[in-house]
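Below: the structure, in structure tokens.
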Amino acid sequence: MRPDLERLGRYDPHRVRQRLRDEFRPAHTTVVEVDGAFAGCVSFAPYKAGPGYYVEHFYLAPETRGRGLGTAVLRTLLARADAEGAPVHLVVVQGSAARRLYEREGFTVESEDPIDVLMVRPAGGPGTADAAQAASSPAGSAISAVPTVRKPSRA
């Protein structure tokens, strides 16, 4: 997120770390791996402001981006929500390339300000039929294995 926040003149390393500390929910955070190697993480937690889920802290290692991994991970999470008939909410920074991914998967803008865009995907939204397939097929031609989304081990 740093490049997006810098572009908006909003990057402050202290504020970024404090936000993560304040909002980090380990029980709802999963690790993303490809071929057994760490590739990122994502939080998929109950939505505090109503029914459904909230995608937050969705980070992928730079070398994994642009190869379908984000789509595969998101579709895995959306399949979970669809199985429960639950909507999914998220916030994306204005101008972020990730917004295109979310729009492709059926998210629409609920509200926005100069920094953040709140998006929602209704239960069983567009892309539902693709979600089950994404969970069982490779994330893209450049990624050699299906991503694993798992709870981090406790050390």
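Met119 sits among other residues whose Cβ lies under 11 Å from its own Cβ, and their net charge, with Lys and Arg +1 and Asp and Glu -1, is -3.
Measuring with a 1.4 angstrom probe and ignoring ligands and nucleic acids, Glu112 comes out at about 100 Å² accessible.
The values are calculated or read from the model by the stated rules, or taken from the named source; none is laboratory data. Just so it is clear, the model here is predicted, and its values are computed rather than measured. Quick reminder, even Gly has a Cβ in these numbers, built from the backbone with ideal geometry, and neighbours come from all protein chains shown. Note: accessible area is taken over every heavy atom of the protein model, side chains too, but ligands, DNA and RNA are not part of it. Shrake-Rupley method; radii C 1.70, N 1.55, O 1.52, S 1.80 Å.
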